[in-house]
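The next block holds one structure in the form of structure tokens; read it before the comments.
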Amino acid sequence: MKKTGRSSKSNRQKRLIELIKEEPFLTDEDLSTKFNVSIQTIRLDRLELGIPELRERIKNVAEKNYKKVRSIVGTEIVGELIDLNLGESGISVLETTTDMAFSKNNIVRGHHIFSQAESLAMAVIDAEVALTGVSNIKYLNPVKAGDKAVAKAEVVRVRGNNHFVHVRIKVDQIQVFRGKFILVVIDN
């Protein structure tokens, strides 16, 4: 009987490693649901395998990406930069807090959402100096304090020194913001 337990544990741990490689931002709760085991079992598996907790995984990925950014300093990006392909695309995650929200209704102020989008758009540009020339934005749904906002930016066109970048922000797979930016690259 023990052998079966070890075998299933071994298989689960192998699948856990593969799954975290594919989707490094899954929470312990997500993993416990996928494997139909307790959260504590997932935490023990991660500990045994040397897999850091979610926040540490995000931080490790972000540190690698900040080094790639050319147009702004990595610390100027609003949210954690978790993926970056210069001149192509990028992803950031913003953990919203009550400090960002109106006290009356707990809705995150728009400038925090805009800042996440604009700073990601700037980070994606493969240039030393760039400024926002035009932005066309739309807030689609409110973001509440405590929500995790996931922004995805894509460079859709480059014309001369103008870079056209589209940014979409989602919370729990629901789009809350979309922005179309024209970033102007400034020659030194």
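The values are calculated or read from the model by the stated rules, or taken from the named source; none is laboratory data. Predicted model only: the values in this text are computed from it and were never measured. Quick reminder, even Gly has a Cβ in these numbers, built from the backbone with ideal geometry, and neighbours come from all protein chains shown.
Structure notes:
- Considering Ser103, Ser135, the condition of being surrounded by fewer than 18 Cβ atoms within 10 Å (Cβ to Cβ) and either outside any strand (DSSP E or B) or aromatic (Phe, Trp, Tyr) (or both) is satisfied by Ser103 alone.
- When Ala62 is tested against the conditions (1) buried (at least 18 other Cβ atoms within 10 Å of the Cβ); (2) at pLDDT 90 or above, the lone failure is (2).
- Within the range 7-28, restricting attention to residues that are exposed (fewer than 11 other Cβ atoms within 10 Å of the Cβ) and under 22 Å from Ile91 (Cβ atoms), the residue that is modelled with the highest pLDDT is Glu18.
- Residue, surrounded by the most Cβ atoms within 10 Å (Cβ to Cβ), within the range 122-132, restricted to residues that are out of contact with any helix residue (DSSP H, G or I) (no Cβ under 9 Å at 6 or more places or on another chain) and either at pLDDT 95 or above or β-branched (Val, Ile, Thr) (or both): Val124
- Residue in the range 36-45 that is surrounded by 13 or more Cβ atoms within 10 Å (Cβ to Cβ), assigned by TED's automatic domain parsing to the domain that holds Ala145 and modelled with pLDDT of 85 or more present: no
- In the range 168-188, residue surrounded by the most Cβ atoms within 10 Å (Cβ to Cβ) [restricted to those that are closer than 16 Å to Val150 by Cα and of a type in the set (A, V, I, L, M)]: Ile169
- Of all residue pairs spaced 6 or more apart or on separate chains, those with beta-carbon atoms under 8 Å, a first member in the range 16-28 that is touching a residue at least 24 places away in the same chain (Cβ under 8 Å) and a second member that is of a type in the set (Phe, Trp, Tyr) are Leu16/Phe35.
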